[in-house]
Amino acid sequence: MLNISVLSISRKLGRSQSPMVNSTSVHWNITQLPSINERVDEISRTVLVIVTILCFIFFVYFITVLLNVFFSSPHMRENARYVLFAHMLINDTLYLALGIFLLLTALYIIYFPMPLCCIILTLAASSFRVTPYNLAVMSLERYIAICFPLRHLEFCTAGRAKLAIAMVWVIGFAPSIADLTVIIYSSGYIFLSVNVLCDRTMLIISPLQNIIRSFIHILSFTIVALIIIFTYIKVMLVARKFGSGGSSAFKAGRTVMLHAVQLMLCMISFISSLTEAYFPKYITFMLISNFLIFTCLPRFLSPVIYGIRDEAFSKYIRKLYSVKF
């Protein structure tokens with residue numbers, strides 16, 4: 001059949017080669033094309049994975065520098081603003097580490113015991129939800145500092161900041177714990193004996209769970225967005241009274257605006273699944289690029305917001321590391 005089709009194609013194209021030569025050539029191309037595509041896909045995947053890991057290493061190094069400054073400075077440890085910022089850095093590092101782990105297991109099809117995967121997925125999902133909550137708390141802290149400066153030290157203490165952190169983690173863990181309870185109740189002893197591929201859909205065994213999860217995400221991001229918009233408007237109204245672009249109110253307004261950008265990038269991450277569905281031929285490229293753009297980029301903004309712009313951090317970094325920004 002292959003020789004007949006090749007002969008007819010050769011006649012249509014007016015080629016003078018014998019059918020056997022054309023048959024051999026076409027057969028070689030057919031057998032070699034998949035291996036070439038696989039090789040290109042493997043090279044692309046390896047390069048993108050290396051880039052992702054290098055970005056993560058640089059991120060961890062910068063985070064380590066900032067956390068070292070925070071924990072070595074008693075003044076910062078007693079400041080609610082810096083306590084919340086340090087929590088954001090730790091949470092972002094945890095989420096990125098878990099995200100890279102899940103990405104690598106998906107790319108290289110690695111199976112793990114189901115209890116371990118459920119723990120990892122629970123931590124990753126909870127950490128993802130904690131990010132916008134922490135942004136809302138940080139924006140409220142800036143709002144109180146600018147709009148109620150005389151009450152700031154009373155309301156925004158390090159102890160209350162740690163209490164707020166505990167509350168956002170409880171809220172962030174609640175949906176994942178509910179999903180995990182459903183999984184354990186439904187699977188029984190199989191939960192302890194099955195090896196699975198860690199995937200975010202593994203904890204979903206009922207369409208109702210998807211509906212509830214979507215509702216929680218929409219409600220959470222809507223509330224956080226309203227908080228950020230409210231605090232930004234209030235802070236900028238105060239800033240206009242001072243009329244100076246270098247005032248603390250203007251700086252606080254820019255910080256809240258950057259929090260809004262972070263929130264927007266986190267919300268855009270929900271379309272990553274759509275891009276993977278519409279481009280199945282480039283699933284490897286889409287998985288890694290979505291991870292870099294929608295997962296890493298919003299968290300890379302965190303150290304930039306405070307680490308480079310904040311005068312206290314710049315001062316201590318220059319002192320400890322002799323780095324000039």
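Residues 81, 309 in ascending order of nearby Cβ atoms (within 10 Å, fewest first): 309, 81. Ranking of 184, 211, 100 by neighbouring Cβ atoms within 10 Å, starting from the fewest: 211, 184, 100.
Per-residue extension of 0.36 nm, minus the Cα-Cα distance of residue 257 and residue 301, leaves a gain of 14.6 nm for this segment.
Among the lysines of segment 36-321, pairs that are 8 or more positions apart or on different chains and have alpha carbons within less than 24 Å of each other number 4. Rounded, prolate or oblate: which one fits segment 36-321, using the alpha carbon gyration tensor with axes a ≥ b ≥ c (rounded when a/c is under 1.5, else prolate when a/b beats b/c, else oblate)? It comes out prolate by the Cα gyration axes. Here segment 169-211 is treated as a Stokes sphere of Kirkwood radius computed over C-alpha pairs; at 20 °C and 1.002 mPa s its diffusion coefficient rounds to 189 µm²/s. State whether segment 50-184 is rounded, prolate or oblate according to the following rule on the C-alpha gyration tensor (a ≥ b ≥ c being the square roots of its eigenvalues): a/c under 1.5 gives rounded; otherwise a/b larger than b/c gives prolate, and the remaining case gives oblate. Cα axes put segment 50-184 in the oblate bin. Label-to-label distance, residue 226 versus residue 111, with points set 7 angstrom from Cα along the beta-carbon direction: 4.7 nm. Within segment 206-240, which residues have the backbone N less than 11 Å from the label spot 7 Å out from residue 196 along Cα→beta-carbon, could you tell me? Answer for this model: 206. In a fully extended conformation the segment linking residue 171 and residue 72 would gain 32.6 nm over its present Cα-Cα distance, using 0.36 nm per residue.
Taken together, the values in this text are just the output of simple stated rules run on the coordinates, not laboratory data. Note that the structure is predicted; figures quoted are calculated from it, not measured. Neighbour counts are summed over all protein chains in view; Cβ atoms, including those assigned to glycine, are modelled from backbone coordinates with ideal geometry.
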